[in-house]
Amino acid sequence: MKKFEVNYLPPICNVIATIVYVLWFISLFVIASICVDLSTSRNENDMKLIATFLPVAILMIIILVFKCFESIPTTVEYGAEKVNWKWLKIEYTVNFSDVKSVNYKIIHQRTRYGYNHRFEIVFNLKNGTKLKLSDRLELEDIDNGINGITDDIKLMQLYRFIEKFYPQKASGFVKSGYTY
């Protein structure tokens, strides 16, 4: 079994992040209403400071925690029969006998100051589900890996392994657009 690490977050992390940000947004109103109620009995300027800085401090803590989680790598193992990837306690296993096809694509994600690029492998299973595994890389590195100039992209090595041992399942490059 070959083993490597990638920068991948499971889709459930996006759901959790959305829920946390909604709860943070709700907490803004709760903190504001508590400060309004307490402002009659305390110094009004102190309550304004609390109402201003407490939500900002909570947001900074949330961002720091998410950045820490984002820096945890996903461990990928593959061999003749299956591929596994695990991030913390979330684990996926794909048996090659259950795979209908495998393709790869480049995902371009617009950010505030440019683009992030991800190399993504998509496992289309016989039961109709799709499992995706991706890694954030530089566009030039992705192009060099696809064109065979370098062999540094670990997910491309995984795809080449599938292409070599399961050529009927390897369906190649799929063009994708930009994600905004």
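The values are calculated or read from the model by the stated rules, or taken from the named source; none is laboratory data. In this text the structure is predicted, and so the values were computed from the model without any measurement. Note: ideal-geometry Cβ built from the backbone for every residue, glycine included; neighbour counts use all protein chains shown. Accessible surface is based on the protein model in full, side chains and every heavy atom, while ligands, DNA and RNA are left aside. Shrake-Rupley method; radii C 1.70, N 1.55, O 1.52, S 1.80 Å.
A few remarks follow.
- Residue within the stretch 138-152 that is in contact with a Leu (Cβ under 9 Å, 6 or more places away or on another chain), open to solvent by 30 Å² or more (accessible area, probe 1.4 Å), touching a residue at least 24 places away in the same chain (Cβ under 8 Å) and not β-branched (V, I, T) present: no
- Of all the numbered requirements in (1) at negative phi; (2) open to solvent by 70 Å² or more (accessible area, probe 1.4 Å), F66 misses one, and that requirement is (2).
- Top-ranked residue in the stretch 37-58 [being surrounded by 12 or more Cβ atoms within 10 Å (Cβ to Cβ) and at pLDDT 80 or above; ranked as nearest to the chain's Cα centre (by Cα)]: I58
- Only a single criterion out of (1) at pLDDT 95 or above; (2) open to solvent by 60 Å² or more (accessible area, probe 1.4 Å) is not satisfied by K89, namely (1).
- Residue within the stretch 74-81 that is open to solvent by 20 Å² or more (accessible area, probe 1.4 Å), among the acidic types (D, E) and in a strand (DSSP E or B) present: yes
- Residue check, F173 over 25 Å from C13 (Cβ atoms) and touching a Phe, Trp or Tyr at 6+ places or on another chain (Cβ under 9 Å): yes
- The set of residues in the stretch 124-137 that are among the hydrophobic types (A, V, I, L, M, F, W, C) and touching a residue at least 40 places away in the same chain (Cβ under 8 Å) contains only L133.
- Scan of the stretch 134-180 for residues that are in contact with a His (Cβ under 8 Å, 6 or more places away or on another chain) and of a type outside the set (S, T, N, Q), ordered by number: R136, L137, E138, L139, I142, G177, Y178
- Condition check for L155 on (1) within 15 Å of N7 (Cα to Cα); (2) in a strand (DSSP E or B): one failure, at (2).
- Where I61 falls short, out of the listed (1) assigned to a loop (DSSP other than H, G, I, E, B); (2) open to solvent by 70 Å² or more (accessible area, probe 1.4 Å): (1)
- Residue count for the stretch 2-36 satisfying the condition of being outside any helix (DSSP H, G or I) and surrounded by 11 or more Cβ atoms within 10 Å (Cβ to Cβ): 9.
- For the stretch 37-68, a residue qualifies if it is touching a helix residue (DSSP H, G or I) at 6+ places or on another chain (Cβ under 7 Å) and touching a residue at least 12 places away in the same chain (Cβ under 8 Å), and the qualifying residues are M47, I50, A51, L54, P55, I58, L59, I62, F66.
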